[in-house]
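K.L.:
Take this structure, written in structure tokens, and hold onto it; I'll ask about it next.
Derivation of every value follows stated rules applied to the coordinates shown; laboratory data play no part. Note that the structure is a prediction, hence the values are computed from the model and not measured. For neighbour counting, all protein chains shown are included, and Cβ atoms are generated from backbone atoms with ideal geometry for every residue, glycine included.
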Amino acid sequence: DALVLYPGLVAAGAPVNDLTFVIVAVDAREAVGQIGTAGPPDGGEAEIGYGVNRSWRGRGIATAAVGLLLDALAAHPDVTTVTARTAVANPASGRVLEKNGFTPTGRAESAWDGELIVWTHQPDTHARREGCEGERPAGS
């Protein structure tokens, strides 16, 4: 189960260099998405990215996966800030980050996604909303 495996790897001191994990719905025995870091921490900042297959969206899977990755990154000594970018046209992805304590801190542009919102999270404040902590979505 990738949702259980990667926090242990990162917390054990595995380098935070382009970590990519498959999100697996164990009950369905199906890969339902991916999550990971976009390279090594730069000045203490680690950028994350994630995606869930369209047919599995809306079930809390991305929210739970981001929360577990945040837990793991909070234990990593090289990470002081976690960032993410979401397309303005994809508010659901922004809600995933909000539920995990991220705040919007800027804007950027992407040739692929257009206008982006830049989000920031301080692992030591890890103020995720109630109902997100330790949550395992059905079918995962």
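K.L.:
Could you list the trypsin sites (Lys or Arg not before Pro) in the range 44-78 that lie in coil according to DSSP, counting only those with at most 10 other Cβ atoms within 10 Å of their Cβ? Show your work: numbers first, answer last.
P.N.:
Numbers: sites: Arg54, Arg57, Arg59; in loops: Arg57, Arg59.
Of the trypsin sites (Lys or Arg not before Pro), not one in the loops of the range 44-78 has a Cβ with at most 10 other Cβ atoms within 10 Å.
K.L.:
In a shell of Cβ-Cβ distance under 11 Å around Asp78, excluding Asp78 itself, what net charge do Lys and Arg (+1) and Asp and Glu (-1) give?
P.N.:
Here the count lands on -2.
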